[in-house]
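Note sheet for the following structure.
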Amino acid sequence: MRAEREREMKRALRRKRLGLTGGIAALLAAIVGITISIQSDKAEDARPVIPPRGATGDQDLVIATGKADAPVTIQIYEDFRCPGCAQVEREIGKAVHKLEDEGKLRVEYHLVSVVDQIFPGNGSKFAASAAASAQDAGKFREFHDVLFASQPAKEKDDKFGDKDVLLDLAGKVKGLKTPEFVESVNTGKHETWVKKIQRTFDRQTEVEQVTPTVILNGKNLVADRENLLTAERITQLVNDAAEKSKKK
């Protein structure tokens, strides 16, 4: 009995220590979070927030493609430096465009810059800002595809942090690389808009803060491990949703 009591006392002490450790860890995490928030506020970009032409959604933080009256809408959260995003685009990109062109699908893009927070750099922000400049020129979809097709092999590679690289890639889109586009990219016309998207993404709780995220009818299709997101699957899901919409 004495031995059992000693063991119980040791277990209680261990639980107490773990509780204290957990409390200290939580406190430190809160302090770190507050510190990061304060530092972020101090480093706030003083330039005005300029949404690209045709931006939509809450606070004009979304770029939409496809017809406005399409029966089905999906939300895509992606980062131009994110390898997973590029993989999803390679898998479903053509199918998505086909559904858009058929008038069945509208896509709302949220251009986040998560990777810049993980690996130091500006590639996510600069690429998203350049894509917004392409939206001004009516060439978003084309430039969006070029960026993902030209993504660096390694996530740590901040290739898109070089604006000359972005401008060279713009040359692959017919009619995009105009003096207006070049100036927009070089001056970072939409960079504060991109930063606002990320701040909003960080603070919201409705969508898991990971990329890529593809949402249809409230469900993240990428998170469904039992049903891989393929061109065939996205086509079937959109066609089914469009049929249901007709019956309402």
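Identify, please: which residue in the range 45-76 is among the small types (Gly, Ala, Ser) and more than 19 Å from LYS104 (Cα to Cα) and is, among those, least open to solvent (accessible area, probe 1.4 Å)?
Checking each candidate, the answer is ALA55.
Kindly establish whether GLN117 is closer than 23 Å to GLN209 by Cβ, among the polar types (S, T, N, Q) and under 14 Å from the mean Cα position of the chain (by Cα). Let's see the steps before the verdict.
Details: closer than 23 Å to GLN209 by Cβ: yes; among the polar types (S, T, N, Q): yes; under 14 Å from the mean Cα position of the chain (by Cα): yes.
In short, yes.
Residues checked against (1) touching a Gly at 6+ places or on another chain (Cβ under 7 Å); (2) open to solvent by 70 Å² or more (accessible area, probe 1.4 Å); (3) among the polar types (S, T, N, Q); (4) part of a loop (DSSP other than H, G, I, E, B):
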{"position": "PHE148", "(1), (2), (3), (4)": "no, no, no, no"}
{"position": "LYS154", "(1), (2), (3), (4)": "no, yes, no, yes"}
{"position": "PHE181", "(1), (2), (3), (4)": "no, no, no, no"}
{"position": "VAL185", "(1), (2), (3), (4)": "no, no, no, no"}
{"position": "LYS189", "(1), (2), (3), (4)": "no, yes, no, yes"}
{"position": "GLN198", "(1), (2), (3), (4)": "no, no, yes, no"}
{"position": "ARG225", "(1), (2), (3), (4)": "no, yes, no, yes"}
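Within the set of pairs 6 or more residues apart or between chains, which connect a residue that is touching a residue at least 40 places away in the same chain (Cβ under 8 Å) and over 12 Å from ASN239 (Cβ atoms) inside the range 88-103 to a residue that is crowded, with 17+ Cβ neighbours inside 10 Å and among the aromatic types (Phe, Trp, Tyr) with Cβ atoms less than 8 Å apart?
Listed pairs, sorted by first residue: GLU89/PHE148; ARG90/PHE148; GLY93/PHE148.
If you check VAL185 against the conditions, is it at pLDDT 95 or above, of a type outside the set (Asp, Glu) and closer than 16 Å to CYS82 by Cβ? Steps first, please.
On the way: at pLDDT 95 or above: yes; of a type outside the set (Asp, Glu): yes; closer than 16 Å to CYS82 by Cβ: no.
So VAL185 does not fit the description; no.
Which residues, counting only those in the range 235-248, are in contact with a strand residue (DSSP E or B) (Cβ under 8 Å, 6 or more places away or on another chain) and in contact (Cβ under 8 Å) with a residue 60 or more places away in the chain?
Initial filter on the range 235-248 (in contact with a strand residue (DSSP E or B) (Cβ under 8 Å, 6 or more places away or on another chain)): 237-238, 241-242, 245.
Answer for the range 235-248, where residues must be in contact with a strand residue (DSSP E or B) (Cβ under 8 Å, 6 or more places away or on another chain) and in contact (Cβ under 8 Å) with a residue 60 or more places away in the chain: VAL238, ALA241, ALA242, SER245.
Can you pull out every residue in the range 202-223 that is open to solvent by less than 100 Å² (accessible area, probe 1.4 Å) and in a helix (DSSP H, G or I)? Talk me through it step by step, then tell me what you get.
Quick first cut of the range 202-223, residues open to solvent by less than 100 Å² (accessible area, probe 1.4 Å) only: 202, 204, 207, 209-216, 218, 220-223.
Selection gives ASP202, LEU221, VAL222, ALA223.
Return the residues of the range 156-177 that are assigned to a helix (DSSP H, G or I), without any contact (Cβ under 8 Å) to a residue 40 or more places away in the chain and more than 21 Å from PRO212 (Cβ to Cβ); say none if nothing qualifies.
Looking only at the range 156-177, we keep the residues that are assigned to a helix (DSSP H, G or I), and these are 159-161, 163-170.
Filter once more, keeping what is without any contact (Cβ under 8 Å) to a residue 40 or more places away in the chain: 159, 163-165, 167-169.
Passing the criteria: LYS163, ASP164, VAL165, LEU167, ASP168.
Could you tell me which numbered condition THR73 fails, if it satisfies all but one of (1) closer than 19 Å to SER150 by Cα; (2) hydroxyl-bearing (Ser, Thr, Tyr); (3) outside any loop (DSSP other than H, G, I, E, B)?
Single failed check for THR73: (1).
The values are calculated or read from the model by the stated rules, or taken from the named source; none is laboratory data. On a predicted model such as this, the values are computed, not experimentally measured, just so you know. A quick note on method: Cβ atoms are made from the backbone with ideal geometry, for glycine too, and the neighbour counts reach across all protein chains shown. For accessibility, only protein heavy atoms count, side chains too; no ligands or nucleic acids. Shrake-Rupley method; radii C 1.70, N 1.55, O 1.52, S 1.80 Å.
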